[in-house]
Amino acid sequence: MGNDLNLVPTAITCGHPGNPAHGLTNGSEFNLNDLVNFTCHTGYLLQGASRAQCRSNGQWSSPLPTCR
């Protein structure tokens, strides 16, 4: 009468997205729905998204930006 399958939820993680050249990624958690923010060192301008969110497919919502 019971279900013989023991379904264990799998944690979704995106892993550290990396740091933009001449910049930093701010965030310590890289799991589903977590957000990271990207900043550039003084004198550099951010080109691309300033933040990204970990999605259910294990990918970040935005590519790594660049600092120029």
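The values are calculated or read from the model by the stated rules, or taken from the named source; none is laboratory data. Just so we're clear, the structure is a prediction, and the values are computed from it rather than from any experiment. Cβ coordinates were reconstructed from backbone atoms using ideal geometry, including for glycine residues, and neighbour counts include every protein chain displayed.
Checked against the criteria, N6 counts as of a type outside the set (V, I, T) and modelled with pLDDT under 95. The set of residues in region 48-68 being outside any strand (DSSP E or B) and not small (G, A, S) consists of R55, N57, Q59, P63, L64, P65, R68.
Matching residues to (1) at pLDDT 95 or above; (2) surrounded by 12 or more Cβ atoms within 10 Å (Cβ to Cβ); (3) hydrophobic (A, V, I, L, M, F, W, C); (4) out of contact with any Cys (no Cβ under 7 Å at 6 or more places or on another chain):
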{"residue": "H22", "(1), (2), (3), (4)": "yes, yes, no, no"}
{"residue": "G27", "(1), (2), (3), (4)": "yes, yes, no, yes"}
{"residue": "F30", "(1), (2), (3), (4)": "yes, yes, yes, no"}
{"residue": "D34", "(1), (2), (3), (4)": "yes, yes, no, no"}
{"residue": "N37", "(1), (2), (3), (4)": "yes, yes, no, yes"}
{"residue": "C54", "(1), (2), (3), (4)": "yes, yes, yes, no"}
{"residue": "Q59", "(1), (2), (3), (4)": "yes, yes, no, no"}
{"residue": "S62", "(1), (2), (3), (4)": "yes, yes, no, yes"}
{"residue": "T66", "(1), (2), (3), (4)": "yes, yes, no, yes"}
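Scanning region 26-47 for residues that are farther than 14 Å from G15 by Cα, part of a loop (DSSP other than H, G, I, E, B), touching a residue at least 24 places away in the same chain (Cβ under 8 Å) and not aromatic (F, W, Y) yields a single hit, H41. Pairs are defined by a Cβ separation below 7 Å, a sequence spacing of at least 6 or placement on different chains, a first member in region 52-68 that is under 20 Å from A11 (Cα atoms), and a second member that is in a loop (DSSP other than H, G, I, E, B) and of a type in the set (F, W, Y); the pairs so defined are C54/F30.
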